[in-house]
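Read the structure below first, then the notes.
The values are calculated or read from the model by the stated rules, or taken from the named source; none is laboratory data. This one's a predicted model, so the numbers in the text were calculated from it and none came from an experiment. Glycine also receives a Cβ, built like all others from the backbone with ideal geometry; neighbour counts cover every protein chain displayed.
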Amino acid sequence: MADTTSSLSLHKPRLVNRIFYRLMTGLLRGFITRYFQLRPVDVGTVPHSGSGIILANHLTLFDPIWLYALLRRPVYFAATEDLFRKRALGMLIRWFGAFPKRKAASDLAALRSIFTISEKGGLIGVFPEGVRTWDGSNQPLYYGIAKLIRKLAVPVYVCRFEGAYLAYPRWARKVRRVPVRCVFSRLYEPADIPRNDDRILSDIAAAIRTNDFDLPVDGSRNHQKGLAVNVTRVLYRCPSCGTQEGLKLVRPFSTNMVECSSCFSAWVIDVGCRLALADENGKAEGGWRPLPEYYERLRHMPLSPIRSEVRLGLAPDEQIYLISRPRFLFTQEKFPNLRVFAFGRAFLTSRRLLFRSRIGIPLAAPLRAIAALSVDPGDKLHFTWDGKLYRIPFRNESALKWFDTIHRLQEEEKSRKAVG
């Protein structure tokens, strides 16, 4: 019997039942706003009815839930397809108005859903950055949002979340006690939408831009525990010596510290996601610096080739830069179902992403052919190659390390071709 979750009916939009909406928001709105300390500003800017699109900066997993709780009307989101892989969860979020968006860039079914909902007077929620930020910095906007706004020709609203990254960083295990300010505004009326895409993108970037590291954070809250847990997903190299996966959590977690197992440098992190070198007593010494500064530093560290005894059939000038622990490799042939493709180790060379199992090399993707590269959700690396979607789940290892290194090697290859 065919799995009904794999049918194309998943893409068909369904307007939220008003009784269900009022019941659920009545039960959950108060809890959500109090628990996350949401502070809405000018929320009345968004009308209770009529077609429209609302844009927001994408900082946490809870951004859609916050918008849903703050506005007095349903918001329809194009959600990542991973949320629909489990039938129960997929059906639940569809009841709230979500519909799936395929990972491979263009998805005509999702676009049709957006236009259908807009024609029926719905409010479309879009995160123009596309992905949640890892380090709290503003992400580039995807270019297609400008064309979508011009095609829809409906009022455009903005919600700028301030403090959201500090409240729940993408890499963190738990929510921090940091208030979140949610500032609503109107960006365009239909007649005011610019014809120039670059102008639209510039206006959006300015409207949603925020720097959580400039916000005042109550220093008395620094006693929170576990602030350093999983920060190694972002700081996958030691900022001092550059050792890959060198940083380890210092126990107990209440110390909020990480230490390099190679050079023994240690850092302490506070509730504002700032780091400082720590002395032998675990006290901060020197100045506090925001996480993006450390992340930017390690991203520009030189790549060091790795020696391996595994026979991979490499070219004479081909070098290995990353080797994973044993992992499962999944592939998707029909949305939304994933199946196990192989079990083995991933190898990243200067030319290819390889996956080697006991029976051979089932995957040898040239870097130039890898597309739709992403890390979502958690530590799962996704990419498309040869018309198929692949996933490698990374546990106890940073998937962001693989994402950044692949992207960096791809850019270096493009530069060499341009010069040549």
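Values as computed for the structure displayed
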quantity	calculated
Residue in segment 45-79 that is nearest to the chain's Cα centre (by Cα), counting only those that are in a helix (DSSP H, G or I) and without any contact (Cβ under 8 Å) to a residue 60 or more places away in the chain	65
Any hit, segment 228-235, residues being basic (Lys, Arg), crowded, with 16+ Cβ neighbours inside 10 Å, in contact with a Leu (Cβ under 9 Å, 6 or more places away or on another chain) and assigned to a loop (DSSP other than H, G, I, E, B)	no
Search result, residues across segment 175-203 that are surrounded by 12 or more Cβ atoms within 10 Å (Cβ to Cβ), out of contact with any strand residue (DSSP E or B) (no Cβ under 7 Å at 6 or more places or on another chain) and charged (D, E, K, R)	176, 177, 197, 199
Residue in segment 108-130 that is over 25 Å from residue 389 (Cα atoms), in contact (Cβ under 8 Å) with a residue 40 or more places away in the chain, among the charged types (D, E, K, R) and crowded, with 18+ Cβ neighbours inside 10 Å present	no
Residue check, residue 235 modelled with pLDDT of 95 or more, in contact with a Phe, Trp or Tyr (Cβ under 7 Å, 6 or more places away or on another chain), closer than 18 Å to residue 399 by Cα and not assigned by TED's automatic domain parsing to the domain that holds residue 363	yes
Residue within segment 143-160 that is outside the structural domain of residue 400 (by TED's automatic domain parsing), touching a residue at least 60 places away in the same chain (Cβ under 8 Å) and under 30 Å from residue 398 (Cβ atoms) present	yes
Residue match in segment 362-370 (condition: in a strand (DSSP E or B) and of a type in the set (Val, Ile, Thr))	no
Filter pass, residue 339 being in contact (Cβ under 8 Å) with a residue 24 or more places away in the chain and either assigned to a loop (DSSP other than H, G, I, E, B) or not hydrophobic (A, V, I, L, M, F, W, C) (or both)	no
